[in-house]
Amino acid sequence: MSLLEVLAAIVIVAYVIARQFLGETLRAKRVIVLPAVLLVIGISGLHHGARHPTSTDYACIATGAAVAAAIGLAQGIVMRLESRDDVLWGRMPKAGLWLWLGLVLSRLLFTVIAAGLDAKVAASSAPILLTLGANRLAMAGVIVLRAQAMGIPFAPESGAASGLTSRLNRPS
């Protein structure tokens, strides 16, 4: 991952955090599809460049992704969800900043651990998008389940994502 890609990841995270704390109408595409795309890009990014992941790299990356997913589950639990204009609206409480801090610190910790184990790919910036995708996808899973339990539909979308939205908005 280049410096430009790292900066792009930082900008994306800052943008996501700002939107979460201001609150927004939730659409299935943004909640589910974008994290899945980040995860896929992150996985494919592990295999580019001069270094190839070793089994130690994979173990470090998988453990880091599992921790990021656990933090995502917690973020999904603390997210405030409500109905506004008959669609799903969500806002992260200020205490959610601790979870974001935990995500960043866990990534830094896994970088140090991976470096100590000579897992060069895991210690690099390559797993950042994978970790972020795992975190956001876990959060999305909780949000979907909570929204369905509350009976609040996702905001409508046009195009291909409208099929996903209609499937998620069906009563269970």
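Of these, Gly141, Gly96, Gly159, which one is at pLDDT 95 or above and of a type in the set (Gly, Ala, Ser)?
Gly141
Identify all residues within the range 29-53 that are modelled with pLDDT of 90 or more, surrounded by 15 or more Cβ atoms within 10 Å (Cβ to Cβ) and farther than 21 Å from Trp100 by Cα; write none if there are none.
Selection gives Ile43, Pro53.
Could you tell me which numbered condition Ser125 fails, if it satisfies all but one of (1) closer than 17 Å to Ile12 by Cβ; (2) surrounded by 17 or more Cβ atoms within 10 Å (Cβ to Cβ)?
So Ser125 meets the others, but not (2).
Has the range 60-82 got any residue that is modelled with pLDDT under 95, of a type in the set (Asp, Glu), under 30 Å from Ala149 (Cβ atoms) and more than 19 Å from the chain's Cα centre (by Cα)?
The answer is no, given that none of the residues of the range 60-82 is modelled with pLDDT under 95, of a type in the set (Asp, Glu), under 30 Å from Ala149 (Cβ atoms) and more than 19 Å from the chain's Cα centre (by Cα).
Can you find, within the range 11-29, the residue that is nearest to Gly141 (Cα to Cα) among those that are small (Gly, Ala, Ser) and touching a residue at least 60 places away in the same chain (Cβ under 8 Å)?
So, considering only residues that are small (Gly, Ala, Ser) and touching a residue at least 60 places away in the same chain (Cβ under 8 Å), the one nearest to Gly141 (Cα to Cα) is Ala28.
Among the residues of the range 134-145, are any of a type outside the set (A, V, I, L, M, F, W, C), farther than 23 Å from Arg51 by Cβ and crowded, with 22+ Cβ neighbours inside 10 Å?
Yes: the range 134-145 contains one or more residues that are of a type outside the set (A, V, I, L, M, F, W, C), farther than 23 Å from Arg51 by Cβ and crowded, with 22+ Cβ neighbours inside 10 Å.
Which pairs turn up if I take residues in the range 128-141 that are of a type in the set (D, E, K, R) and look for partners that are modelled with pLDDT of 95 or more and surrounded by 23 or more Cβ atoms within 10 Å (Cβ to Cβ) with beta carbon separation below 8 Å, at least 6 apart in sequence or on another chain?
The qualifying pairs are Arg136/Gly72.
Suppose we keep only residues that are more than 18 Å from Ala134 (Cα to Cα), more than 15 Å from the chain's Cα centre (by Cα) and of a type in the set (A, V, I, L, M, F, W, C) within the range 2-20. Which one would you say is surrounded by the most Cβ atoms within 10 Å (Cβ to Cβ)?
Checked the range 2-20; the qualifying residue surrounded by the most Cβ atoms within 10 Å (Cβ to Cβ) is Leu7.
The values are calculated or read from the model by the stated rules, or taken from the named source; none is laboratory data. What you are looking at is a predicted structure, and each value in this text was computed from that prediction instead of being measured. Glycine also receives a Cβ, built like all others from the backbone with ideal geometry; neighbour counts cover every protein chain displayed.
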